[in-house]
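What follows is a short report on a single structure.
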Amino acid sequence: MLKSFLFSLAFVVGGYVASAQNADSLTLVKAKWQKQRIAPKTKLYTFHFTQNSLFQANEQLSFIEVKNSKRAPVFALGYEAQELKTTPTFGKANQAIAAINGTFFDVKNGGSVDFIKVNGQVINPNRLEKGNKRARHQQAAMVIANGKLSLKKWDGTANWEEKLTENDVMLSGPLLRFNQIDESLDTAAFNRLRHPRSAIGLKPDGTVLLLTVDGRHENSAGMSLFELTKVMKWLGCTSAINLDGGGSTTLWLADMPGNGIVNFPSDNKKWDHEGERKVANVIMLKPRK
């Protein structure tokens, strides 16, 4: 009797969860996104999900969609080896069209804690954890070749990133999806709690998304990495990677009014565009020459 009851309960709960996920996916896909062309084959999408309509919460999402086209802007990395600057500062200094904050960094001393190589030169090596253990944000990479961005997964070897042949490499993570398969995420607080998030996703046709989810505010709760994985999947990404989030989460456009920030960075605890945090590196879009 008890076994039958538990089976029935599991069936009902499973059905409820599946129904909720289906509702969330429809909410996301059917949203009337605000769209703005910012460059050839490149658009900005923004939407504010109110009335607890996405994952039973308010959520502010912004993303840039870059089509795989010879007319689209090219990707590049901006960095400082030992200094911290805001995402807009990086973008302006490099005459970029747009920029999103990059990978994880040393908040006190500056510089990335993850491997970065630019123009064939290693800027920062990995800072491994105790016992020479590789962090989850050192198990995947964004690589740029001829201005095109793609994602790669750690092969388990110690010097994997050093063997990557692309001249521009930035490690980050965790990897959320890879080649249509969701990656396994543990239940560590970093993964399961809601925070502002930044991510990059790739569609099967080579289209790239640069996405931010705002958080730590009543207007936007932020997301767990499990929720972020679903969002990237629902937006059509077959591969996706998490970037440094929290107060670092910033999406900047050169042609936006004010300071150019699209989202609502959380460091000043206000719902405005002024709370950006200084970071060590960014991923940029630059005009095609």
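Every read-out reported here was derived from the displayed coordinates using simple, explicitly stated rules and does not represent laboratory data. What you are looking at is a predicted structure, and each value in this text was computed from that prediction instead of being measured. FYI the Cβ positions are ideal-geometry reconstructions off the backbone, even for glycines, and counts take in every protein chain you see.
Here, region 157-289 yields an orientationally averaged convex hull projection of 10.1 nm² when only Cα atoms define the hull. Per DSSP H run of at least 4 residues, take -39500 (n - 2.57); add these up for the chain, divide by its residues and hand me the 222 nm value, nearest 500 deg cm²/dmol. Rounded to the nearest 500, the figure is -5500 deg cm²/dmol. One decimal place: the segment Ala81-Glu274 gains 67.0 nm when fully extended, by the rule 0.36 nm per residue minus the C-alpha distance. Excluding the sites themselves, what is the longest stretch of the chain that contains no GluC sites (Glu not before Pro) in a DSSP loop with at most 13 other C-beta atoms within 10 Å? Excluding the exposed sites themselves, the longest stretch runs over 84-217.
Between the listed residues Leu185, Gly236, Val262, the Cα displaced farthest toward the positive end of the dipole of the chain, a dipole computed from Cβ unit charges relative to the Cα centre, is found at Gly236. Distance in nm between label sites at Thr50 and Lys153, each 7 Å beyond Cα in the beta-carbon direction? For Thr50 paired with Lys153, the spin-label model returns 4.1 nm.
Once the C-beta distance of Phe226 and Lys67 is scaled by a Förster radius of 22 Å, the resulting FRET efficiency is 0.20 to the nearest 0.05. Tilt of helix 225-234 relative to the longest C-alpha principal axis of the chain, in degrees (0 to 90, nearest 10)? It works out to around 90 degrees.
Scalar couplings 3J(HN,Hα) for region 96-102, obtained by applying the Karplus form with A = 6.51, B = -1.76, C = 1.60 to θ = phi - 60°, are 7, 7, 7, 7, 10, 4, x Hz; x denotes Gly and Pro.
For the residue pair Glu218 and Ser184, what label-to-label distance in nm results when each label sits 7 Å from Cα along the Cα-to-beta-carbon direction? Taking the simple label geometry, Glu218 and Ser184 are separated by 4.2 nm. For region 166-174, backbone phi angles converted through the Karplus equation (6.51, -1.76, 1.60; θ = phi - 60°) give residue-by-residue couplings of 5, 6, 10, 9, 9, 7, 6, x, x Hz, Gly and Pro being listed as x.
Using a Gaussian network for the chain with springs between C-alpha atoms less than 10 Å apart, which of these wobbles most: Asn146, Asn58, Asn101? Of Asn146, Asn58, Asn101, the most mobile in the Gaussian network model is Asn146. With kT/(6 pi eta Rh) evaluated at 37 °C and eta = 0.692 mPa s, and Rh the Kirkwood radius from Cα pairs, region 203-248 diffuses with a coefficient of 283 µm²/s according to Stokes-Einstein.
Sorted largest first, the spans of the alpha carbon positions of the chain along the three principal axes are 67, 47, 38 Å. Here region 39-87 and region 224-254 have alpha carbon centers that stand 9 Å from each other.
How far is helix 2-29 tilted off the main Cα axis of the chain, in degrees rounded to 10, range 0 to 90? So the helix axis and the longest Cα principal axis differ by about 40 degrees. Within the listed set Ile181, Ile200, Ile116, the residue fluctuating most in the Gaussian network model of the chain (springs between alpha-carbon atoms under 10 angstrom) is Ile181. The charge dipole of the chain, taken about the Cα centre with unit charges on the Cβ atoms of Lys, Arg (+1) and Asp, Glu (-1), comes to about 620 debye, rounded to the nearest 20. Comparing Thr165, Thr249, Thr103 in a Gaussian network model of the chain (Cα springs below 10 Å), the most mobile by mean-square fluctuation is Thr165. Partner lysines whose Cα lies under 19 Å from the Cα of Lys203, excluding those fewer than 8 positions away in the same chain, are identified as Lys30, Lys35, Lys41, Lys43, Lys67, Lys70, Lys148, Lys152, Lys153, Lys230, Lys233. Taking N as the residue count of region 36-162, its C-alpha radius of gyration divided by 2.2 N^0.38 Å amounts to 1.25. Computed from backbone phi with θ = phi - 60° and the Karplus coefficients 6.51, -1.76 and 1.60, the 3J(HN,Hα) list for region 141-152 is 9, 9, 10, 10, 9, 6, x, 9, 9, 9, 10, 9 Hz; x is used for glycine and proline.
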